[in-house]
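Structure, as structure tokens:
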């Protein structure tokens, strides 16, 4: 477990790399201008942290070959980089986070069984969420999307035909600030995904 010491609430370091580990938790830190990288790890938790950087071409948090990952109650901030990139990862839960980053908030490559719920995504120049064709079984609902990919037609992109952008039991999807008068919201990408039940107002847990 990584926590701040009692003398300083801010973590300044060259980077956090966690390899071939199990049962890891990073809690209650402010991490500036560095990345956190997990590889070949199981049972990970990132809770109540602030990750911020203005370094161009930077990714704040990266997972590779990870199983059972929970990312909750964190802030991902900055103007020149991505928030989270996950690859070859399974059982990923991303909940109650705030993303206000410059490029993309979430990149999912070959990620299986993902739940994305109660997050807010702001101001990405590109898509807020990008899911590639090798990923499958993502459920995305009860999130807020504000002013992402303003140059395009949709705030998210999806290649995975098994991803669902709403909760089928509740018949509730996500809040999109560019929904306008439409009754559904289309997601860019070859999967042809649609949020069938977009929310009228922002939602917070």
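The values are calculated or read from the model by the stated rules, or taken from the named source; none is laboratory data. All of these numbers come straight from a predicted model, not from anything done at the bench. Neighbour counts run over all protein chains shown; Cβ positions are idealised from the backbone, glycine included.
So in segment 118-139, with the set limited to residues that are in contact (Cβ under 8 Å) with a residue 40 or more places away in the chain and in contact with a strand residue (DSSP E or B) (Cβ under 7 Å, 6 or more places away or on another chain), which one is surrounded by the fewest Cβ atoms within 10 Å (Cβ to Cβ)?
118
Taking residue 115 as the residue in question, decide whether it is surrounded by fewer than 17 Cβ atoms within 10 Å (Cβ to Cβ), modelled with pLDDT of 95 or more and within 19 Å of residue 167 (Cβ to Cβ).
Answer is yes for this residue.
Collect the residues in segment 10-38 that are part of a loop (DSSP other than H, G, I, E, B), surrounded by fewer than 14 Cβ atoms within 10 Å (Cβ to Cβ) and modelled with pLDDT under 90, keeping them in residue-number order.
If the condition is that a residue be part of a loop (DSSP other than H, G, I, E, B), surrounded by fewer than 14 Cβ atoms within 10 Å (Cβ to Cβ) and modelled with pLDDT under 90, then 12, 13, 14, 15 are the ones that fit.
Per-residue answers, yes or no, for (1) free of Cβ contacts under 8 Å to residues at least 24 places away in the same chain; (2) in contact with a strand residue (DSSP E or B) (Cβ under 9 Å, 6 or more places away or on another chain); (3) within 23 Å of residue 73 (Cα to Cα); (4) crowded, with 19+ Cβ neighbours inside 10 Å:
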| position | (1), (2), (3), (4) |
| --- | --- |
| 155 | no, yes, yes, yes |
| 158 | no, yes, no, yes |
| 161 | no, yes, no, no |
| 173 | no, yes, yes, yes |
| 177 | no, yes, yes, no |
| 194 | no, yes, no, no |
| 205 | no, yes, yes, no |
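Which members of segment 78-91 meet the condition of being modelled with pLDDT of 90 or more, over 10 Å from the mean Cα position of the chain (by Cα) and either under 14 Å from residue 37 (Cα atoms) or surrounded by 21 or more Cβ atoms within 10 Å (Cβ to Cβ) (or both)?
87, 88, 89
Residues in segment 54-73 that are closer than 18 Å to residue 100 by Cβ and either touching a strand residue (DSSP E or B) at 6+ places or on another chain (Cβ under 6 Å) or assigned to a strand (DSSP E or B) (or both): how many?
Selection size over segment 54-73: 7.
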